[in-house]
């Protein structure tokens, strides 16, 4: 029998694939997520929901006792009374030397300064007394804004009875009436 040369069986055979090709199998069952994974996901979703809620609905602020509110009310009412006294005095000053230009300028400057400083002082007092009742805080803040607006308009050259200042002066009178009611002793 003639002998045939041996064929290279290695070159004609396909290489064998390893049985673990691809991703390794996990030790847990492949039917779904494990309980700790689900719990972690649920907690993270809950944390995100609470964070978003806290972002859009912040706390309402500090809570104050009745004594703190009463003390703040007294301080704010005293502050607005001093401002009213100062602005009334300085806006009604008369030049002691009629016709003296320097005296006229000094009187006008004192009036403007008392209005603006009075408004700024009231805003500072409100900031320093966060326990101020809301209605009083709004009324004093409105008065402070009006005082500052009057001052700036006077600096811009408006006269007391013009169409810009007169409505503000009327508004200030109404705000003073509101404050008189709110600052009544209880």
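The values are calculated or read from the model by the stated rules, or taken from the named source; none is laboratory data. Note that the structure is a prediction, hence the values are computed from the model and not measured. Cβ atoms come from the backbone with ideal geometry, glycine included; neighbour counts cover every protein chain shown.
Of the residues making up region 151-169, not a single one is farther than 26 Å from residue 110 by Cβ, part of a helix (DSSP H, G or I) and touching a helix residue (DSSP H, G or I) at 6+ places or on another chain (Cβ under 7 Å).
For region 87-114, the set of residues classified as within 18 Å of residue 155 (Cβ to Cβ) and touching a helix residue (DSSP H, G or I) at 6+ places or on another chain (Cβ under 8 Å) consists of 87, 90, 91, 93, 108, 110, 111, 112, 113, 114, listed by residue number. Residue pairs whose Cβ atoms lie under 6 Å apart, separated by 6 or more positions or on different chains, with the first residue in region 85-107 and more than 30 Å from residue 143 (Cα to Cα) and the second at pLDDT below 95 and assigned to a helix (DSSP H, G or I), are 97/103.
Checking the stated criteria, residue 146 turns out not to satisfy the condition of being touching a helix residue (DSSP H, G or I) at 6+ places or on another chain (Cβ under 9 Å), within 21 Å of residue 62 (Cβ to Cβ) and either touching a residue at least 12 places away in the same chain (Cβ under 8 Å) or surrounded by fewer than 19 Cβ atoms within 10 Å (Cβ to Cβ) (or both). One residue stands out among those in region 76-106 that are closer than 17 Å to residue 134 by Cα and surrounded by 15 or more Cβ atoms within 10 Å (Cβ to Cβ): the one that is nearest to the chain's Cα centre (by Cα), which is 76.
Yes or no, residue by residue, for (1) under 21 Å from residue 150 (Cα atoms); (2) at pLDDT 95 or above; (3) surrounded by fewer than 15 Cβ atoms within 10 Å (Cβ to Cβ):
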| residue | (1), (2), (3) |
| --- | --- |
| 71 | no, yes, no |
| 108 | yes, no, no |
| 117 | yes, yes, no |
| 121 | yes, yes, no |
| 132 | no, yes, no |
| 135 | no, yes, yes |
